[in-house]
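Chemist: Got a structure for you, written out below as structure tokens; questions coming shortly.
Every read-out reported here was derived from the displayed coordinates using simple, explicitly stated rules and does not represent laboratory data. Fair warning: this is a prediction, and the values are worked out from it, not measured in the lab. No Cβ is skipped: glycine too gets one built from the backbone with ideal geometry, and neighbour counts run over all protein chains shown.
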Amino acid sequence: MEPETGGALVEAGRLLEAGDLDGAVRACQRALRIMPGSFPAHLRLTQIYGRKFLRSRDPVVRRLAEREFAEAMRLAPADETVHNALFDVAVETGQADALRARYLGEWAGLPFAKPAVRRLEESGPVLEPIQDPETDPLRKIAIGTVFVIVASLAWQFGPPLWHMLERRMAPPGDPALQFALDDLSGHRVALADFRGKAVVVVDFWATWCGPCRASLPALHNLRKKYRGQGVEVLNLSLDDDPSVVAPYLAQEQLDLWVLLDRGHAVARAWGVSGIPSIFVIDKNGMKREQFVGYSPDLEARIEQLVNELR
């Protein structure tokens, strides 16, 4: 994997979030010139052309979106998390029927094919060919930064890429914006409650985000290991339906302190553009590090930093 390809895709994601769709197309095209068979670049282009069609209703642009999605399906690895992202893009861009046909045809042997078909059928008919991304901001986050940077590239090109994809962004001395949110029991929890008492690991996540799910056992282990020792882990759920969170935790046997960021106000205030986003906050309430995405050594990296700060 050429570093220039990853950089171009990151730039495409940034431009897409900023609303510069033409610039995002050019960034993806740069990535494809370097690596023509890049699955994440074709999936990203599908999303961009979908957004362009939403603005213009130009049938030519819609055909471009369909062409890029067909190419993404052709290149897609047989990984369930990758296929979850295909599902999201298909629903967003009005191409659920094309994906369903693939699961009923050449992908019928995949272990997750039948559940995928059921999900597509339950999603119902698409009234508009392209869903307005403003009505679905969390899908925009997950498919945008996290999927392209973390899931697709990493699974496509192997473990060495994890370290290139994990970003550290929060400079020391940057104060964490305060928040107070309800946990799953309805108890109000404020970040200020831990000032001077504990190092706080703040994780923005959602149950439908594959890399988020991969990172949760590491956070479970950290909370279990350091409970009562000057460290706390807060997992801020960005799920639109809070009722799905507790069953998921029970199913996966995860002991997490989940707070509900309804409306994603805290995520926006903290500048979260991709999930999982994991911040380490020192006892003085200062951001010391931010980890975006998942890597197999994520737990060890956070633990090393926590031990330096507690």
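Chemist: Residues with beta-carbon under 15 Å from that of Asn235, excluding Asn235: net charge, scoring Lys, Arg +1 and Asp, Glu -1?
Modeler: Value of the local net charge: -4.
Chemist: Can you list which of the trypsin sites (Lys or Arg not before Pro) found in region 193-275 are DSSP loop residues with at most 16 other C-beta atoms within 10 Å?
Modeler: Arg195, Lys197, Arg227
Chemist: Okay, moving on. Between Ala250 and Arg188, what is the FRET efficiency for a Förster distance of 25 Å, r being their Cβ-Cβ separation, to the nearest 0.05?
Modeler: Calculated transfer efficiency: 0.60.
Chemist: Starting from the alpha-carbon convex hull of region 180-268, give the projected area averaged over all orientations, in nm².
Modeler: Computing the convex hull of the Cα atoms and averaging its projections yields 5.7 nm².
Chemist: Here's something else I'd like to know. Write out the GluC sites (Glu not before Pro) in region 28-111 meeting two conditions: DSSP loop, and at most 16 other Cβ atoms within 10 Å of their Cβ.
Modeler: Glu106
Chemist: Something else now. So how much slack lies between Ala180 and Ala78, counting 0.36 nm per residue of separation and subtracting their Cα-Cα distance, in nm?
Modeler: Length gained, Ala180 through Ala78: 32.6 nm.
Chemist: What distance in nm separates the simple spin-label points at Asn307 and Asn221, each placed 7 Å from Cα in the Cβ direction?
Modeler: A separation of 1.3 nm, rounded to one decimal place.
Chemist: Starting from 0.36 nm per residue, how many nanometres of slack lie between Arg55 and Ala18 once their C-alpha separation is accounted for?
Modeler: Full extension from Arg55 to Ala18 adds 11.8 nm.
Chemist: Moving on. Determine, at each q value in 0.11, 0.12, 0.14, 0.16 (inverse angstroms), the log₁₀ of I(q)/I(0) that the Debye formula gives when each Cα of region 241-310 is one equal point scatterer.
Modeler: Listed by q, the Debye log ratios stand at -0.35, -0.42, -0.58, -0.76.
Chemist: In whole Å, how far is the Cα centre of region 258-310 from that of region 47-109?
Modeler: 32 Å
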